[in-house]
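The values are calculated or read from the model by the stated rules, or taken from the named source; none is laboratory data. Keep in mind it's a predicted model, so treat the numbers as computed, not measured. Here Cβ is always computed from backbone atoms with ideal geometry, including for glycine, and neighbour counts include all displayed protein chains. Keep in mind that these areas ignore ligands, DNA and RNA; they rest on the heavy atoms of the full protein, side chains included. Shrake-Rupley method; radii C 1.70, N 1.55, O 1.52, S 1.80 Å.
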Amino acid sequence: MNAEARTDDSAGILLVDDMEDNLIALEAVLGSLNEPLIRARSGEEAMKALLRRRFALVLLDVRMPGMDGFETAANIKRLDQTKDVPIIFLTGTDDSGYAFRGYATGAADYLTKPFDPWVLRAKVSVFLDLHRKNRQLERLLAQQRIDYEEVSRQLAELEPELTESQQVRIKELRHLLEKR
């Protein structure tokens, strides 16, 4: 699915790994989800991609040359525009210290390679669903703000024509609207 064809809810999945074979495997496992899969071969490339577009999730290899996965995750969590993007660490190292460090860095999950494709796809699906629901809530809140502003504008137009007691009632209604 290309960027032009994607819906507003389809922010994509960022795949970060320095090994081509691992990226191909991830694409094979996740391709059936029909979401954009964007590749990054390094932590630096990942950061550039995250600053260019919105992602629902980052799948991040721990061991990479240059900026490793932990540094990349720390940078992701440091920036306001990317701090809420969930990260799933993927690594070939079965070291509990790595898992602890990954969670401490802000990872939402941590999987060791070789991973079970069904488990990975299920976990990614949950994060995609959460992303869609968050986007839906953002749209509903934006519509609610627009509706409030319209009602407030209409009330402001009526106020000069109202008696003093009616104006008090309008102020009470405004206060009720603001609490919502």
_Between a residue in the stretch 30-57 that is more than 21 Å from K77 (Cβ to Cβ) and any residue that is open to solvent by 10 Å² or more (accessible area, probe 1.4 Å) and among the polar types (S, T, N, Q), which pairs come within a Cβ distance under 8 Å, given they are 6 or more apart or on different chains?_
L33/S125; P36/N2
_Here is a check on your reading of the model: is F89 touching a helix residue (DSSP H, G or I) at 6+ places or on another chain (Cβ under 6 Å), assigned to a helix (DSSP H, G or I) and surrounded by 15 or more Cβ atoms within 10 Å (Cβ to Cβ)?_
no
*Is the stretch 159-176 home to any residue that is closer than 18 Å to D61 by Cα, of a type outside the set (K, R) and either surrounded by 13 or more Cβ atoms within 10 Å (Cβ to Cβ) or touching a residue at least 12 places away in the same chain (Cβ under 8 Å) (or both)?*
no
*Does R121 satisfy the condition of being under 27 Å from R53 (Cβ atoms), of a type in the set (K, R) and at pLDDT 95 or above?*
yes
*Can you name the condition, by its number, that Q81 falls short on among (1) assigned to a loop (DSSP other than H, G, I, E, B); (2) open to solvent by less than 70 Å² (accessible area, probe 1.4 Å); (3) farther than 21 Å from R63 by Cβ?*
(2)
_Test set (1) open to solvent by 20 Å² or more (accessible area, probe 1.4 Å); (2) of a type outside the set (D, E, K, R); (3) on the phi > 0 side of the Ramachandran plot - G12 fails condition number_ = (1)
*How many residues does the stretch 39-57 hold that are under 17 Å from I24 (Cα atoms) and touching a helix residue (DSSP H, G or I) at 6+ places or on another chain (Cβ under 7 Å)?*
3
*asked:* Of all residues being among the basic types (K, R) and free of Cβ contacts under 8 Å to residues at least 40 places away in the same chain in the stretch 94-138, which is surrounded by the most Cβ atoms within 10 Å (Cβ to Cβ)? Just the residue, please.
replied: K123
